[in-house]
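Trainee: Below: one structure in structure tokens.
The values are calculated or read from the model by the stated rules, or taken from the named source; none is laboratory data. What you see is a predicted model, and the numbers here were worked out from it, not measured in a lab. Cβ placement follows ideal geometry from the backbone for every residue including glycine, while neighbour counts extend to all protein chains displayed.
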Amino acid sequence: MAEFSLDLSEEQRDLRDWVHGFAADVVRPAAAEWDAREEAPWPVIQEAAKVGLYDFEFLANAWADPTGLSLPLASEELFWGDAGIGLAIMGTSLAVAAIYGSGTPDQLVEWVPQCFGSVDEPAVAAFCSTEPEAGSDVGAMRTRAVYDAATDEWVLSGQKAYATNGGIAGVHVVTASVDPALGARGQAAFVVPPGTKGLAASRKLKKLGLRASHTADVFLDDVRVPGACLLGGRDALEQRLDRARSGQRSQSSSAMRTFEITRPTVGAQALGVARAAHEYALDYAKERVQFGRPIIENQAVAFALADMRTDIDAARLLVWRAAWMGRNNRPFAAGEGSMSKLRAGEVAVSVTGKALQILGGAGFVRDHPVERWYRDAKIYTIFEGTSEIQRLVVSRAISGHQIR
Ligand SMILES: Cc1cc2nc3c(=O)[nH]c(=O)nc-3n(C[C@H](O)[C@H](O)[C@H](O)COP(=O)(O)OP(=O)(O)OC[C@H]3O[C@@H](n4cnc5c(N)ncnc54)[C@H](O)[C@@H]3O)c2cc1C
């Protein structure tokens, strides 16, 4: 029997088809409206909760897949429906991944259900790492967490930027520096429970794309959280800080760990957008007649569509490889997680641009969804590490040099 196979299992095919059905029937028909309203699409989030696409069980089942492919498969389909609504549904998983990745079992049980809320009253969660002065440079984080032994509380102060679900979330997971001298290695992640005093958010930021997804700056003004809200607990933190102080190699910061877990999945989201645009442009090129024949009968158009499809399929293989490696604890010796997000993000930008060109004027107007996909795709070269940062990770990994 062959050991290597790219065939999906029956369960994986069922999952893919089920999410595709939700994306086609519920998400895509709602996409233009929520993009125009620039509001969080709560009714769609609730619908996702009702069908079982928005809860921890769904994520846990996907994470349990020993091939690692379930989450990329589901993400590609959901974001094929719409990236803004897709992120409104999946944005919570960034906070959940941080709790799952760094939290104790007790913290998982306490906070993860609160991230999602209930079917009747769904909630969203936010993961707040980026700051005005600390975007790509995570080590420049200024938000401070100071322990108050008298009350067994952590006091958080600072400002976070561009937080998905910032301010509309119940649970906010916030990264902060506990020992600024240690840079990124002196950081930790904290749960800020719903309704905690001192946490406030800016107005919803107006964006180029992903307009259905809520993005805001978050302000922390002497926010006091119980000692138990430090993800992983005091002992683990102290051990980690001691290792860092003694100059030993250790795991990367909480924020970086979270990004490592999620990069191939973000690549899969980009693929969903790219695939949507490619399918639409292919259909359009077969229908649209100029000079007495369908425009696809021009090599200039047909070859563009062939290149787009080739790029999408190649990027998907990188995404699947990285997802498999992550799930099976393979070391990312060449930055394969970053490679997958880098390629998928850039493919989404180039494919949506080519699709728009194939539609001509129809690509530029809002009667067709391609202009929205073109706007949405751009985020994939920016968030979860810009393309340049992915290249930095890959080039450092393959060279062993401190490339700057
Ligand atoms: C819609 C949206 C949602 C987001 N959601 C979240 C969220 O939920 N949580 C969160 O914490 N953050 C979130 N972010 C923030 C996002 O992760 C950051 O915007 C991203 O990491 C880039 O940081 P920056 O914007 O500060 O850009 P900068 O770091 O200022 O980069 C500016 C430019 O300089 C380049 N650059 C920087 N350093 C280098 C270098 N060493 N070498 C080469 N080029 C370099 C960058 O690639 C980029 O082109 C979100 C952002 C957006 C737009």
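Trainee: Going by the conditions given, is Ser177 assigned by TED's automatic domain parsing to the domain that holds Asp235, within 25 Å of the chain's Cα centre (by Cα), touching a residue at least 24 places away in the same chain (Cβ under 8 Å) and more than 23 Å from Gly91 (Cβ to Cβ)?
Mentor: yes
Trainee: Given the conditions (1) within 16 Å of the ligand (Cβ to nearest atom); (2) in contact (Cβ under 8 Å) with a residue 24 or more places away in the chain; (3) surrounded by fewer than 24 Cβ atoms within 10 Å (Cβ to Cβ), which single one is not true for Ala134?
Mentor: (2)
Trainee: Could you grab the pairs with beta carbons closer than 7 Å, sequence gap of 6+ or different chains, first residue in segment 10-33 and closer than 21 Å to Gly84 by Cβ, second one β-branched (Val, Ile, Thr)?
Mentor: Here the result reads Phe22/Val51; Val26/Val44; Val27/Val44; Val27/Ile85; Ala30/Val44; Ala30/Ile85; Ala31/Ile85, each pair linking segment 10-33 to a residue that is β-branched (Val, Ile, Thr).
Trainee: Here's a follow-up. Would it be correct to say that Glu33 is surrounded by fewer than 24 Cβ atoms within 10 Å (Cβ to Cβ) and within 16 Å of the ligand (Cβ to nearest atom)?
Mentor: no
Trainee: Can you list residue pairs whose Cβ atoms sit under 8 Å apart, with the first residue in segment 201-220 being on the phi > 0 side of the Ramachandran plot and the second being modelled with pLDDT of 95 or more and within 9 Å of the ligand (Cβ to nearest atom)? Count only pairs 6 or more apart in sequence or on different chains.
Mentor: Leu210/Leu87; Leu210/Ile379
Trainee: Out of curiosity, is Gln107 out of contact with any helix residue (DSSP H, G or I) (no Cβ under 7 Å at 6 or more places or on another chain) and polar (S, T, N, Q)?
Mentor: It is false that Gln107 is out of contact with any helix residue (DSSP H, G or I) (no Cβ under 7 Å at 6 or more places or on another chain) and polar (S, T, N, Q).
Trainee: Return the residues of segment 125-159 that are at pLDDT below 95 and touching a Gly at 6+ places or on another chain (Cβ under 6 Å); say none if nothing qualifies.
Mentor: The answer is Gly139, and nothing else.
Trainee: When residues of segment 211-224 are filtered for being within 10 Å of the ligand (Cβ to nearest atom), touching a Ser or Thr at 6+ places or on another chain (Cβ under 9 Å) and not small (Gly, Ala, Ser), how many remain?
Mentor: So the count comes out to 3.
Trainee: Name the residue that is surrounded by the fewest Cβ atoms within 10 Å (Cβ to Cβ), counting only residues in segment 142-174 that are within 11 Å of the ligand (Cβ to nearest atom) and without any contact (Cβ under 8 Å) to a residue 60 or more places away in the chain.
Mentor: If we take residues in segment 142-174 being within 11 Å of the ligand (Cβ to nearest atom) and without any contact (Cβ under 8 Å) to a residue 60 or more places away in the chain, then Ala161 is surrounded by the fewest Cβ atoms within 10 Å (Cβ to Cβ).
Trainee: Given (1) in contact (Cβ under 8 Å) with a residue 40 or more places away in the chain; (2) part of a helix (DSSP H, G or I); (3) surrounded by fewer than 24 Cβ atoms within 10 Å (Cβ to Cβ), where does Ala334 come up short, assuming only one miss?
Mentor: So Ala334 meets the others, but not (2).
Trainee: How do the pairs read when you match residues in segment 59-83 that are more than 8 Å from Gly272 (Cβ to Cβ) with residues anywhere that are modelled with pLDDT of 95 or more and among the β-branched types (Val, Ile, Thr), using Cβ under 6 Å and keeping only pairs 6 or more apart or on different chains?
Mentor: Short answer, once both residue conditions are applied: Leu71/Thr265; Pro72/Thr265; Pro72/Val319; Ala74/Val19; Asp82/Val27.
Trainee: Could you tell me whether Ser340 is away from the ligand (no atom under 11 Å from the Cβ), assigned to a helix (DSSP H, G or I) and over 19 Å from Gly86 (Cα atoms)?
Mentor: yes
Trainee: Turning to a different aspect of this structure: Just for helices (runs of 4 or more DSSP H) wholly inside segment 350-404: which have at least 1 residues that are assigned by TED's automatic domain parsing to the domain that holds Thr262 and within 26 Å of Ala134 (Cβ to Cβ)?
Mentor: Correct list: 370-377, 387-399.
Trainee: Tell me, which helices (runs of 4 or more DSSP H) wholly within segment 39-120 include 2 or more residues that are of a type in the set (D, E, K, R) and outside the structural domain of Ala315 (by TED's automatic domain parsing)?
Mentor: Because the criterion is at least 2 residues that are of a type in the set (D, E, K, R) and outside the structural domain of Ala315 (by TED's automatic domain parsing), the helices (runs of 4 or more DSSP H) in segment 39-120 that meet it are 42-51, 70-81, 105-116.
Trainee: Please verify whether segment 122-129 includes one or more residues that are over 17 Å from Ile168 (Cβ atoms) and either not β-branched (Val, Ile, Thr) or not assigned by TED's automatic domain parsing to the domain that holds Arg240 (or both).
Mentor: yes
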